[in-house]
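So the structure is just underneath, and the comments pick up after that.
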Amino acid sequence: MATATINDTELLRTALVGDVTSPVLGINPYDVSADGVPFVSVGAGGVCYTVRVGSAADGWAADQVEPGASIANPDAAANEALLLHACVGNRVTVRTGTAAGARGVVTGKHEAFHAYKHVLVHLAPDVLDGLVPGDRLLVHASGRGMTVDGLPELACHSLGPELWEAWAPERAGEQLRLRVTRVLAPEVVGMGSGRVSGATSIALQAGADEALHGLRIGDIVAVRDWDATYYTGYHEDRVTVGVVSTGDSPVLGNGPATTILLSGPAAALDFEIDATANLADLLELA
């Protein structure tokens, strides 16, 4: 088998900016868990020192905790562009504040319906210590428009060329062979079904399948019989591949937010189960 190639010479690299966010809450701070118990939703927005890519997705007293720094553009239209064009693996530079000049990596996206839309950035612990909400980060965006040579039926979404190179998918005849930590049943998909594929996250319902036990933030996973060519939804004989971007959620139908990387016919994709198919290992995130 040979390493599969992409149209890397055709891809644009553009500059987009996002500011470190602050967590947001409504007047009533309580949400309700799947067990009917009220809880205060924390974990989204701002800077998280505790949870990092490679950490367990469950076990946190939080609701979809976002690792590292969560950024968004304060202009709504510009934030939509940031969410669309930033891809997992893209390089990030801190431009303002005491951490200016530090480098990071895009590790995912997270959307909460009618609440917020964030791009998630991995940064070293000492850099996170120097960040405050409002600091501006520059994303060197690239990956939108990616195609796999010889496999035009595959739709690539938030997959940066940096991650592609580290992931090193292989071409086996008419198939693309990908390393994933697990292949999941379509029933695991909860909130996010029906969203636009290009700039969104879908939730994996942690209680829906024992195969989710031991899931880590940064794991690359495949969901069979699920399509994300344009919109996300159940479709027999299609497969969607994504990366786990946040922690778990106690809310019914919710769970770890997963950023879509690519989707296509099941016949065009083959999978190798590899426990190291995690962003922390692939991108050597310290």
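The values are calculated or read from the model by the stated rules, or taken from the named source; none is laboratory data. Predicted model only: the values in this text are computed from it and were never measured. With ideal geometry, Cβ positions are generated from the backbone for all residues, glycine too; neighbour counts draw on all protein chains shown. Accessible surface areas use protein heavy atoms only, side chains included; no ligands, DNA or RNA. Shrake-Rupley method; radii C 1.70, N 1.55, O 1.52, S 1.80 Å.
Could you look through the range 118-153, keep only residues that are among the charged types (D, E, K, R) and touching a residue at least 60 places away in the same chain (Cβ under 8 Å), and pick out the one that is nearest to Ile217 (Cα to Cα)? Don't jump to the end; show me each part of the working.
First pass over the range 118-153, keeping only residues among the charged types (D, E, K, R): 126, 129, 135-136, 144, 149, 153.
With the extra rule that they be touching a residue at least 60 places away in the same chain (Cβ under 8 Å), the set shrinks to 129, 135-136, 144, 149, 153.
On the way: Asp129: 21, Asp135: 24, Arg136: 24, Arg144: 23, Asp149: 29, Glu153: 28 Å.
Checking each candidate, the answer is Asp129.
For the range 255-270, name all the residues that are surrounded by 22 or more Cβ atoms within 10 Å (Cβ to Cβ) and either farther than 22 Å from Ala155 by Cα or out of contact with any Gly (no Cβ under 6 Å at 6 or more places or on another chain) (or both).
Of the range 255-270, the ones surrounded by 22 or more Cβ atoms within 10 Å (Cβ to Cβ) are 255-264, 269.
Passing the criteria: Gly255, Pro256, Ala257, Leu262, Ser263, Gly264, Leu269.
Of a type outside the set (Val, Ile, Thr) and within 12 Å of Gly18 (Cβ to Cβ): which single residue out of Gly108, Gly134, Gly143 fits that description?
On the way: Gly108 fails: within 12 Å of Gly18 (Cβ to Cβ); Gly143 fails: within 12 Å of Gly18 (Cβ to Cβ).
When all the criteria are applied, what remains is Gly134.
Suppose we filter the range 155-183 for residues that are open to solvent by less than 10 Å² (accessible area, probe 1.4 Å) and either touching a Gly at 6+ places or on another chain (Cβ under 6 Å) or not hydrophobic (A, V, I, L, M, F, W, C) (or both); how many remain? Quick ask: steps written out before the conclusion?
Of the residues in the range 155-183, the ones open to solvent by less than 10 Å² (accessible area, probe 1.4 Å) are 158-160, 163, 167, 169, 176, 178, 180.
Cutting the leftovers down to either touching a Gly at 6+ places or on another chain (Cβ under 6 Å) or not hydrophobic (A, V, I, L, M, F, W, C) (or both) gives us 158-160, 163, 169.
Of the residues in the range 155-183, 5 are open to solvent by less than 10 Å² (accessible area, probe 1.4 Å) and either touching a Gly at 6+ places or on another chain (Cβ under 6 Å) or not hydrophobic (A, V, I, L, M, F, W, C) (or both).
With a requirement of 1 or more residues that are in contact with a Leu (Cβ under 6 Å, 6 or more places away or on another chain), the strands (runs of 3 or more DSSP E) lying completely within the range 121-182 that satisfy it span 136-141, 175-180.
Picking from residues in the range 101-117 that are in contact (Cβ under 8 Å) with a residue 24 or more places away in the chain and in a loop (DSSP other than H, G, I, E, B), the one that is most open to solvent (accessible area, probe 1.4 Å) is Phe113.
Select the strands (runs of 3 or more DSSP E) contained entirely in the range 3-80, then report the ones holding at least 3 residues which are in contact with a helix residue (DSSP H, G or I) (Cβ under 7 Å, 6 or more places away or on another chain) and at negative phi. Break it down stepwise before answering.
On the way: elements: 14-20, 30-32, 38-40, 68-72.
Because the criterion is at least 3 residues that are in contact with a helix residue (DSSP H, G or I) (Cβ under 7 Å, 6 or more places away or on another chain) and at negative phi, the strands (runs of 3 or more DSSP E) in the range 3-80 that meet it are 14-20.
For beta carbons closer than 8 Å, sequence separation of 6+ or different chains, a first residue in the range 14-33 that is free of Cβ contacts under 8 Å to residues at least 12 places away in the same chain and a second that is exposed (fewer than 14 other Cβ atoms within 10 Å of the Cβ) and of a type outside the set (Lys, Arg), the qualifying pairs are Tyr30/Pro38; Tyr30/Val40.
Condition first: open to solvent by 40 Å² or more (accessible area, probe 1.4 Å), touching a residue at least 12 places away in the same chain (Cβ under 8 Å) and over 21 Å from Glu236 (Cα atoms). Can you find one or more residues in the range 184-199 that meet it?
Step one: filter the range 184-199 for residues open to solvent by 40 Å² or more (accessible area, probe 1.4 Å), giving 187, 191, 193-196.
Narrowing the set further to residues that are touching a residue at least 12 places away in the same chain (Cβ under 8 Å) leaves 187, 191, 193-196.
Checking the rest, the ones that are also over 21 Å from Glu236 (Cα atoms) come to none.
Within the range 184-199, none of the residues are open to solvent by 40 Å² or more (accessible area, probe 1.4 Å), touching a residue at least 12 places away in the same chain (Cβ under 8 Å) and over 21 Å from Glu236 (Cα atoms).
For the residues Val20, Val42, the requirement of being touching an Asp or Glu at 6+ places or on another chain (Cβ under 8 Å), at pLDDT below 95 and surrounded by 12 or more Cβ atoms within 10 Å (Cβ to Cβ) singles out Val42. Among the conditions (1) within 23 Å of Val106 (Cβ to Cβ); (2) open to solvent by 10 Å² or more (accessible area, probe 1.4 Å), the only one that Glu236 does not satisfy is (1).
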